[in-house]
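See below for the structure under consideration.
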Amino acid sequence: MRHRTITSCALVAGVCLVVPGRRPSIEDMFVTTSLAAEETEGTMCLMPDGVDGPPVDGHYRPVSPSPDGGQQIAIPKSSNEGGDLPPVRMVVDPYPSFNGITVDTTNDLLMMSDTNRKSLLVYDRTAGSATSKEAAVPRLQIMGPDTGVGFVAGVAMDPGHRELFTVNNDVEDRLVVFDYDARGNIKPKRLLYVPHQSWGIAFAPRRDVLALSVQTPNMFVVFNREAKKFDAPVRSVRGPKTQMADPHGIYFDETHNEVVVANHGNFRPGELITAYTAYDARESRQERGGDTVDENARGRFLPSSVTVFDGDANGDVAPLRVIQGPLSQIDWPMGVAVDEVNNEIIVANNGDNSILVFPRKASGDVPPRRVIRGPLTGVKGPMGVAIAKDEIYVANFGDHTALVFPRLAAGNVRPRRTIRNAPAGRETSGFGNPYSVAYDTKRQEILVPN
Amino acid sequence: MAPARVIQGQLTRLSRTTHGIAYDTTNDEIIAPNPLAAAVVIFRGGATGEEPPVRTIQGARTGLSRPETVAVDEKNNEIIVGDPGDRRVLVYQRTADGNAAPIRTIQGARTKLLQVVGVAVDPVRDVLVVSTYSRLPGGLTGLLIFGRTDQGDVAPKRVIAGPKTGITRLRQIALDPETGKIYVAAINNEYLPPYSIDKPRAGLDPDVELPSPWNTGSEGFIGVWDDVADDGDVPPRSLIKGRSTGIVHPAGVTFNAKHGEVIAPDAVWNGLFTFLKPELFKGTAAGTR
């Protein structure tokens, strides 16, 4: 790993960005380097003032300043206590990593969230090709510190009101809304604070509401579309009867008045769930329950599942149907979509790099009707899935692509189109908001959970 | 660059919300908490793909509520777990499996444990270090140093906290028993008040704009303290901090003592940074370790 990391940095000396003298903010630096990636190659190296090129034996070589400074940025030295030293190695992916995906068939647009560079990308619906090795050019990208776009996951588009939605899964705890013509580092037109670990968004245009899945409390919440700031959800579905466990993808099927939720299966009972953000243990179980804490409460692992609720469900209610079990092959399902015309549920099956298609009314431990899986498919770490105009759209997190398949694709088949956010062959680190690390002394490997 | 290997999928019993990890060099095992399923999972060191853990600690007897962070005491064959859900530190036999009770628990008002986000053990000096934070009235943000075998509602022997430390919020910690040095990921970003579904952000001005923790608060850093000599409001003995470092809000930290390296992931950059600091490690500068 050490050797591989060093090798990687050595390959990308041309990306290292240096300009002494300027002192932009870290936010500017982040945005600039991300945008610059479109015109550069490979893994990004950031170098301190006055040095260039990869480290040699752990030491940087000083060079003269770049004459043009065009794409280059400075990393100012801070006036701190003396620890301002450059890294000898770094793993930072300069390209976007797709996550949520949605299609606007009215305007023929495709929108995806980008967890890695913290952005929203909108493409023509038919962007990409079967053969291109180049990154597709988005119609617009929303990115920067003013946007409130951070560790984003789910996305939605409302062509009626020409609004774009994305929700931050971690860190920011907010949903942000933009106009269709928003670009660059722009403030959202609305901002809604949402429960920590909100992941998926489902927009229901007839009801004019947004449903959000929330991981930790095993619930989904429903907000009015125009909710803002501290507005509360109009209803929530939560509790042991719901059978939700670490929910991710969510879809509001207004044709059949149902809400479909994809669950990973990590479950804690309500007794163990405290008011929680990532940032403050404001309430512990002891504070909430005094001496009456139920010490018998325990976590459980449930099989991954897809739960289907009545569209008007509220409170602790049982799902109408549950797809779950070994025959279903459901394994860490992320995004979920419903083909309301052809009566099918499509699942981005992250755990085994596949796309599963079930009859809409499937229930119990039943096999999928079709499976897209195999090396030709290019499905790698699928996060988002959408269905529109007889095509299935897949956002990969495991590489720098999104894929488009014919609706009836099955087996180990090539995608009809590939939308790249980086030149072909660029690898991705797979990082998703890394918060801890360990070093494997035996294999000389760095372990990073996400 | 792509990872050398990936452990993922429902058979692994991991969650995609994992804020702690430890590697057991002696027994070649990986230990990780699963806060969403109130569990700790242990893998063989070479695990890859959708590989099940070799052991899982989970159940009513375990006392696990929302485990966030883990450490391993290879000398005494123990696994240490920090659990902010119940503001506890729990210690298990290293080989604990299933619905196993902890052999020791530190919990209670005297302990000052709040949002427990880091644990580390020094079996040479017999100390257990915990990183904790809170902005509750009277809450403490810093390092709590306990005796390694302390249990119950016991006060820490020493507390490293205060403005001179530079820590406004911290996360993972690592400890090198060879030197007694504590490595601290001082993320130092802003954080939001808890969300109540019925009354979101109750008590806040409806027009207030909450800061984005993406890049607010103080500049984050990696700081190094001594696990025996340091006490009170004392600055770090060594720092990795500043624009040259690239790190903004580091949430994790570990080290490669053999090569004199300190390693930190950064949530803002969604990346991993390695720094050369051989002077921190015993004998490594000369390559004798």
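If I build a Gaussian network model for chain B, linking alpha-carbon pairs within less than 10 angstrom, which residue out of B:GLY108, B:GLY220, B:GLY203 has the largest mean-square fluctuation? Greatest mean-square fluctuation among the candidates belongs to B:GLY203.
Among the listed pairs B:LYS75/B:LYS181; A:LYS133/A:LYS380; B:LYS112/B:LYS181; A:LYS118/B:LYS241; A:LYS442/B:LYS241; A:LYS380/B:LYS277, which have their C-alpha atoms separated by more than 27 angstrom in this model?
Too far apart for the 27 Å limit: A:LYS442/B:LYS241; A:LYS380/B:LYS277.
Look at B:VAL116, B:VAL159 and count the other Cβ atoms within 10 Å of each Cβ; fewest to most, that gives B:VAL159, B:VAL116.
Across region A:355-362, rounded Karplus estimates of 3J(HN,Hα) from the backbone phi angles (6.51 cos²θ - 1.76 cosθ + 1.60, θ = phi - 60°) give 10, 10, 10, 10, x, 4, 9, 4 Hz, Gly and Pro being marked x.
Proximity of backbone amide H atoms, modeled 1.01 Å from N, is registered between B:ARG55 and B:ILE42 at under 5 Å, excluding neighbours fewer than 5 places apart on the same chain. With coordinates expressed along the principal axes, the C-alpha atoms belonging to region B:1-94 extend over 37, 30, 23 Å, beginning with the largest. Comparing Cα centroids, region A:138-168 and region B:1-47 end up 32 angstrom apart. With kT/(6 pi eta Rh) evaluated at 10 °C and eta = 1.306 mPa s, and Rh the Kirkwood radius from Cα pairs, region A:98-420 diffuses with a coefficient of 81 µm²/s according to Stokes-Einstein. The smallest convex shape that holds all Cα atoms of chain B, its convex hull, gives 151 Å³ per residue.
Between B:ILE30, B:ILE187, B:ILE145, the Gaussian network model of chain B with springs among Cα atoms under 10 angstrom shows the greatest mean-square fluctuation at B:ILE30.
Taking all Cα pairs closer than 8 Å and separated by 6 or more residues, the relative contact order of chain B comes to 10 percent.
Could you put A:HIS161, B:HIS259 in order, starting from the residue whose Cβ has the fewest other Cβ atoms within 10 Å?
In increasing order of surrounding Cβ atoms, one gets A:HIS161, B:HIS259.
Note on region A:397-442: the C-alpha convex hull projects to 5.8 nm² when averaged across all orientations. Look at B:THR95, B:THR56 and count the other Cβ atoms within 10 Å of each Cβ; fewest to most, that gives B:THR95, B:THR56.
In terms of its Cα atoms, region A:109-168 spans 35, 29, 17 Å along the principal axes, sorted from long to short.
Restricting the GluC sites (Glu not before Pro) of region A:73-182 to loop positions (DSSP other than H, G, I, E, B) with no more than 15 neighbouring Cβ atoms within 10 Å leaves A:GLU81, A:GLU134.
Throughout, read-outs are computed from the coordinates displayed, never taken from laboratory work. In this text the structure is predicted, and so the values were computed from the model without any measurement. So basically every Cβ, Gly included, is an ideal-geometry build from the backbone, and we count neighbours across all protein chains shown.
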